Structure formats: C-alpha cells, structure tokens
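For reference, the structure discussed in these notes is given below.
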Amino acid sequence: MRKQILIVGAGFAGMWAALSAARLADKHQQAIDITVIAPQPELRVRPRFYESAVHTLVAPLQPLFDVTGVNFLQGHVEQILPDSKEVSWKDANGDTHLRRYDRLVLASGSHVNRDTVAGAAEHAFDLDQLESAAVLEQHINNLALQPESEARNTVVVCGGGFTGIEMALELPGRLREILGADAKTRVVVVERGAQPGGRWSQELRDVIIEASAELGVEWLVNAEVECVDASGVTLKDGQVIASQTVIWTVGVQANNLTAQINAPRDRQGRLHVNANLQVVGHDDIYATGDVAYAATDDKGNHALMTCQHAILLGKFAGNNAAADLLDVAPLPYRQENYVTCLDLGAWGAVYSEGWDQQVKLTRAEAKKLKVSIVSELIYPPKADRAVAFEIADPLAPFV
C-alpha cells in the first residue's frame, strides 16, 4: 500500500507543504499519496483582508494541485485520532469519513477569539476569514445609507498589532470615499500597551506614530475594552465611544485541532515542534504555519503568525514529512532573516529588517515594495510542475 501524507489546511503553510512533499517524492522517483483536506481548493490571501474588494483576494489551487499530483478533498477535519493514525472529516455534503495517514501535516491556521470580551462576538466585526471580512466591507460601504451621526462616522479598531494598524490607517481614505470628503470621520485604535507600536523598535514606532498623526488616526493607549454593544464600545476606565463599526483584531489563537494532540502548546495554542517541525512526542505528526511554535534560529526567536513564516514553515514541513517516508535526511527549519512591511494607508508604508526592526524604507518606496509582496510574491506559483517544484524547495531563495 502506498504511503499517505495527509495535510490539513490549504492556506500558505498547507499549500506549500503539499507542493514541497510532492517535489521531494518526484525528485526521488517514489510514489507517495499526498492529500490536502480543506474547505475549498483556493488560497485566501488573508494578509490583504483589510483592503477593499476582498472577494477578489483568492487564488485557485486545483490547477496547481492537478499538475503536481496532489489530491484534494473538500471538507474539514473534525477529529484527529493519533493512536489509529486517522482523521475524521466531514465533506461538503455533511457526510463524515475516516482518512488514514502515515504522516500528518497540521496546517489548519488560526482564528481571532472574540469570546473574551462581552458583546464582541455579537457586535464586533473582524478580518479573520474571507466571509467575515466581506461582511465588514459591505457594512462600511453601506454606512452612507445610514443617517449621519457621530456613531456612523466613527470606527473603533480594537488592537494595535499589525492587522489593527493596517486596517486603521486604511480607513480614513476609505471613509472619505464612502461618506464624502467633508464628512467629519473618526478612526480610533484602542491599544492596551503604553504607546502605539510599543512592542517594536523605536524607529518603527516613530513611523507608525507619524503616519497615524498625518492621517488623523487616534490612539487610546493603556486602554482595554470592557464590552461591546450595538451602540459602540465601553472601556474599562468607563469611557464610552459611540460607533456603528467596531473591528476586533486581537486574541489570535491556533486552530482548535491542536488541543486534540497530547503535546505541549504555547499560550496561543501552538504546538511545540522540534527542528524538523515534528510535534513533540509525535514523530508522525508535523505542525506548520500558525499552529506551530517553531524556533527560527538559535537566538531565541520563534516564528510569528504571518504568511512570511507560514510559507517557509510549510515548505520545510512538507519536505520533512516526505523525507521521513523516503528514508532521506530531513532539513532542519531555519528562517534567520525577518522583515516587516507594514501598509500605512495613504501615507505609504514602512519596511524594516531584522528582529530589531531597522527601518530601511518609508512612504512611497516602501508602499511599492508592499504592493509587490502582497500582489505577487506571496501568491501561488503558476500551474507549471517544474516551476512549482523549483519554488517549493525549502532551500530556494525567498525574499
């Protein structure tokens, strides 16, 4: 019976894991069945969900899987059964099946947890999935149909991480387009830290503050949300912000499937993995992307929940799962270089290098690079077997 690699998820990590495993099997001329289970055969470009026309931010994967010999099953995994090396999954019709594996690659991604604050699940929007981002976009587009009020013209972004910043700085321009140039709009970022971008370098922080000030984005620091309701946000200090549009960007957690594996996890639910991305205590299960707590180097840095890390994590996980079955040496995961390229709306963007975020480009120059990254570099390769396998090599150059 042919060996089976089963990959859960078709995001950045899952897609590249599949291509990388197929590449190594092809290189060694060995037949391995590589199967992806995911809700749809498409890559949803989540880093761009703060943009408009969110429904266009997808890339089809079936043609790519077809030319590389990757099988696709449409559905979602409900249960992992490590003892029997099976998963229980439900197909698009709602029927439940069991699928055997020899090696499992868990690439099921992450989600925003809105259950920690009263009313957030019911009354806040998010950019977590394509569907929820589309609901937010439609809501913003329809604001002009509502009677003018302070609440209509105010958007509150909960969380000052990268997602919150990119969304907040995108909004002044979008609100002017929708409500008119003369509308008195307000965009507020609620941040529990002591200053905007407080977890990053002073250089990067200064750029974020400058761009926010120029675009008129307010920051409420040392602030936490007490509750969200239909009228807006109440902070823990008692301050109330009237708003019809509250956007939740905090509390990202690894997919709940990680809890079904008896292994150490970090506070975000990510599974601890070794250098080959095998889950600690489970040599036949690999974790990658947002479900993996993986060391990027020997300096104490760990992969972040970003597509930058997910892409390379996926390539290493797929390669190593196949290597294990082919009895060839694995490739220890390393990602020494770390960069950030943050979209800052009409102000431009900022590009930095290193874990200490040394700013290298700002404004229009950085914006040009940002556009190139998110519209070209992170997209799947074309449906060409040779090209796909060349890029899927974990040791191939990646910017």
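Could you tell me whether any residue of the stretch 384-397 is more than 21 Å from residue 310 (Cα to Cα), open to solvent by 50 Å² or more (accessible area, probe 1.4 Å) and in a loop (DSSP other than H, G, I, E, B)? Yes, that holds for at least one residue.
Taken over the stretch 83-119, the criterion of being at positive phi and in contact with a helix residue (DSSP H, G or I) (Cβ under 7 Å, 6 or more places away or on another chain) is satisfied by 109 alone. Residues in the stretch 287-325 that are more than 19 Å from residue 257 (Cα to Cα), in a helix (DSSP H, G or I) and of a type in the set (D, E, K, R): 2 in all.
The requirement of being out of contact with any strand residue (DSSP E or B) (no Cβ under 8 Å at 6 or more places or on another chain), open to solvent by 20 Å² or more (accessible area, probe 1.4 Å), within 21 Å of residue 355 (Cα to Cα) and free of Cβ contacts under 8 Å to residues at least 24 places away in the same chain is not satisfied by residue 327. Of all residues in the stretch 120-147, those that are more than 19 Å from residue 253 (Cα to Cα), of a type in the set (A, V, I, L, M) and either buried (at least 18 other Cβ atoms within 10 Å of the Cβ) or touching a His at 6+ places or on another chain (Cβ under 7 Å) (or both) total 4. Residues in the stretch 195-215 that are in a loop (DSSP other than H, G, I, E, B), open to solvent by less than 70 Å² (accessible area, probe 1.4 Å) and out of contact with any helix residue (DSSP H, G or I) (no Cβ under 6 Å at 6 or more places or on another chain): 3 in all. Could you list all residues from the stretch 1-26 that are farther than 11 Å from residue 321 by Cβ, in contact (Cβ under 8 Å) with a residue 24 or more places away in the chain and over 26 Å from the mean Cα position of the chain (by Cα)? Result: 2, 26.
For residue 350, the conditions (1) surrounded by fewer than 20 Cβ atoms within 10 Å (Cβ to Cβ); (2) in contact with a Cys (Cβ under 9 Å, 6 or more places away or on another chain); (3) in contact (Cβ under 8 Å) with a residue 60 or more places away in the chain; (4) of a type outside the set (Asp, Glu) all hold with the exception of (1). For the stretch 286-319, a residue qualifies if it is of a type in the set (S, T, N, Q) and either surrounded by fewer than 22 Cβ atoms within 10 Å (Cβ to Cβ) or in contact with a helix residue (DSSP H, G or I) (Cβ under 7 Å, 6 or more places away or on another chain) (or both), and the qualifying residues are 288, 296, 301, 306, 319. Restricting attention to the stretch 179-194, the residues that are surrounded by fewer than 16 Cβ atoms within 10 Å (Cβ to Cβ) and over 12 Å from residue 216 (Cα atoms) add up to 6.
Okay, residues lined up against (1) without any contact (Cβ under 8 Å) to a residue 40 or more places away in the chain; (2) open to solvent by less than 50 Å² (accessible area, probe 1.4 Å); (3) more than 29 Å from residue 281 (Cβ to Cβ):
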position: 75; (1), (2), (3): yes, yes, no
position: 94; (1), (2), (3): yes, yes, yes
position: 97; (1), (2), (3): yes, no, no
position: 105; (1), (2), (3): no, yes, no
position: 109; (1), (2), (3): no, yes, no
position: 118; (1), (2), (3): no, no, yes
position: 155; (1), (2), (3): no, yes, yes
position: 166; (1), (2), (3): no, yes, yes
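Residues in the stretch 236-254 include none that are more than 17 Å from residue 186 (Cβ to Cβ), assigned to a helix (DSSP H, G or I) and open to solvent by less than 10 Å² (accessible area, probe 1.4 Å). Residues that are open to solvent by 20 Å² or more (accessible area, probe 1.4 Å) and without any contact (Cβ under 8 Å) to a residue 60 or more places away in the chain within the stretch 28-52 comprise 29, 31, 33, 39, 40, 41, 42, listed in sequence order.
Anything in the stretch 17-44 that is of a type in the set (A, V, I, L, M, F, W, C), part of a helix (DSSP H, G or I) and more than 18 Å from residue 292 (Cβ to Cβ)? List them, or say none. Passing the criteria: 22, 24, 25.
The values are calculated or read from the model by the stated rules, or taken from the named source; none is laboratory data. These figures come from a predicted structure and were not determined experimentally. Note: ideal-geometry Cβ built from the backbone for every residue, glycine included; neighbour counts use all protein chains shown. Quick note on the areas: whole protein, heavy atoms, side chains included, nothing else; ligands and nucleic acids left out. Shrake-Rupley method; radii C 1.70, N 1.55, O 1.52, S 1.80 Å.
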